[in-house]
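A.B. asks: The structure follows.
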Amino acid sequence: PGAAANVGQGAVVVLDAASGAVRAMVGGRDFRTSPYNRAVLARRQPGSSFKPFLYSAALEKGVTPETLVNDAPLTDVGDWNPSNADGSADGPITVKQALTKSKNLVSIRLVQLVSPTAARDWAAHFGFDADKQPDNLTLALGTGSTTPMQLASAYAVLANGGLKTSPVVIRKVIDGQGKVVFEAPPAKPDESQRVIPARNAYLTST
């Protein structure tokens, strides 16, 4: 499949949301031939996987999952001619339906409502680098850049009810004599790590 798509490398991060423990990390196809760790270093466009964080920004602005938004062609974005991936346009649909169906046109309208700058700044709450995200409406389609590790950590915020944990790759190091020379502190998310309201996290993820 990779060869058919002209793709020679890949990356994946499996993260325990509650503790931040990295359960699995693949940085490429073969470390001996390419030691570059794409899981933590490679920046790529997140595409539609970025949309939940923009919807979260809209919820914070007062939108609800049942708010109706018009899934229809946009006429106020200059020469840009965005569309939904399948070319459909369903008319007025709820925000929840739009996110479930990954509607590009609704996502753009929500970023218009919030403003690209405010949406980008809100996404930074999840750990995204604001300066790596565009300050324009293409943000709605995930045209900025992020890493697999950063994206996994951001989704963990939603799973944790709005609390952010830092990814932990090495839990403990023991020397040859059995002495613990390093041990990561136990990661138990608490209110000091809250980055978005619990209600917002719940509504965004359900």
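The values are calculated or read from the model by the stated rules, or taken from the named source; none is laboratory data. Source: prediction; values computed, not measured. Note that each Cβ is placed from the backbone with ideal geometry, even for glycine, and that neighbours are counted across all protein chains shown. What goes into the accessible areas is simple: the full protein's heavy atoms, side chains included, and nothing from ligands, DNA or RNA. Shrake-Rupley method; radii C 1.70, N 1.55, O 1.52, S 1.80 Å.
A.B. asks: With the other protein chains left in place, how much accessible area per residue, in square angstrom, belongs to region 1-109 at a 1.4 angstrom probe? Don't jump to the answer; show the numbers that get you there.
C.D. replies: Details: 6210 Å² over 109 residues.
Here the residues of region 1-109 average 57 Å² of exposed surface.
A.B. asks: Between 181, 14, 63, find the one with the highest GNM mean-square fluctuation for the chain; connect C-alpha pairs within less than 10 Å.
C.D. replies: Answer for the Gaussian network model of the chain: 181.
A.B. asks: At 222 nm, what helix-only mean residue ellipticity would the chain give, in deg cm²/dmol to the nearest 500, using -39500 (n - 2.57) for each DSSP H run of four or more? If you can, show how the numbers build up before the last one.
C.D. replies: Details: 6 runs with 55 residues, N = 206.
Computed ellipticity for the chain at 222 nm equals -7500 deg cm²/dmol.
A.B. asks: What is the distance in Å between the Cα centroid of region 4-56 and that of region 134-206?
C.D. replies: A separation of 14 Å, based on Cα centres.
A.B. asks: Same structure again: With springs only between Cα atoms under 10 Å apart, run a GNM on the chain and tell me which of 37, 81, 160 wobbles the most.
C.D. replies: Result for the chain, Cα springs under 10 Å: 81 fluctuates most.
A.B. asks: Around residue 168, which amide H atoms from residues at least 5 apart in sequence, or from another chain, sit under 5 Å from its own amide H, with H modelled in the peptide plane?
C.D. replies: Here the answer is 21, 22, since their amide H atoms fall under 5 Å of that of residue 168.
A.B. asks: Quick one: accessible area per residue over region 112-162, 1.4 Å probe, rounded to a whole number of Å²? Each step should come with its number before you reach the end.
C.D. replies: Working: 1780 Å² over 51 residues.
Accessible area per residue: 35 Å².
A.B. asks: Can you give the net charge of the other residues whose Cβ lies under 12 Å from the Cβ of residue 53, counting K and R as +1 and D and E as -1?
C.D. replies: On the way: positive: 51, 120; negative: 60, 121.
Here the count lands on 0.
A.B. asks: DSSP loop trypsin sites (Lys or Arg not before Pro) in region 1-99 with at most 12 other Cβ atoms within 10 Å of their Cβ, which ones?
C.D. replies: On the way: sites: 23, 29, 32, 38, 43, 44, 61, 96; in loops: 29, 32, 38, 43, 61.
Sites meeting the loop and neighbour criteria: 32.
A.B. asks: Further question: Show the residues, 5+ positions off or on another chain, whose built amide H is closer than 5 Å to the amide H of residue 184.
C.D. replies: 172
A.B. asks: Also: With an 8 Å cut-off on Cα pairs and a minimum separation of 6 or more residues, tell me the relative contact order of region 70-132 in percent.
C.D. replies: Numbers: 44 pairs, mean separation 19.0, N = 63.
30 percent.
A.B. asks: Another question about this same structure. On a 1.4 Å probe surface of the protein chains, which of 74, 139 comes out largest in accessible area, and what is the full order? Before the final figure, lay out each step's value.
C.D. replies: Values: 74 20, 139 0 Å².
Sorted descending by solvent-accessible area, the residues read 74, 139.
A.B. asks: What's the local net charge at residue 88, with K and R +1, D and E -1, over the other residues with C-beta under 11 Å away? Don't jump to the answer; show the numbers that get you there.
C.D. replies: Values: positive: 101, 103; negative: 71, 86, 90.
Net local charge, residue 88 excluded: -1.
A.B. asks: Lys/Arg Cβ at +1, Asp/Glu Cβ at -1, dipole of the chain taken about the Cα centre: which of 108, 201, 68 is farthest positive-ward?
C.D. replies: My answer, from the dipole projection, is 201.
A.B. asks: Just the number, please: carbon plus sulfur as a percent of the accessible area of the chain, 1.4 Å probe, no ligands or DNA/RNA counted.
C.D. replies: Working: 6090 of 11250 Å².
C and S atoms contribute 54 percent here.
A.B. asks: To continue, here is another question. Which ³J(HN,Hα) values, rounded to whole Hz and listed in residue order, are derived for region 154-162 from phi using the Karplus coefficients 6.51, -1.76 and 1.60 in 6.51 cos²θ - 1.76 cosθ + 1.60 with θ = phi - 60°, glycine and proline given as x?
C.D. replies: Per residue, the Karplus-derived 3J(HN,Hα) values read 5, 5, 4, 4, 5, 5, 8, x, x Hz.
A.B. asks: In debye to the nearest 20, how big a dipole does region 148-206 give about its Cα centre with +1 on each Lys and Arg Cβ and -1 on each Asp and Glu Cβ?
C.D. replies: Numbers: 7 positive and 4 negative charges, 12 e Å.
In total the dipole reaches around 60 debye.
A.B. asks: For the chain, set up a Gaussian network in which alpha carbons nearer than 10 Å are linked by springs, and say which option among 59, 110, 68 fluctuates the most.
C.D. replies: For the chain, modelled as a Gaussian network with Cα springs under 10 Å, the answer is 68.
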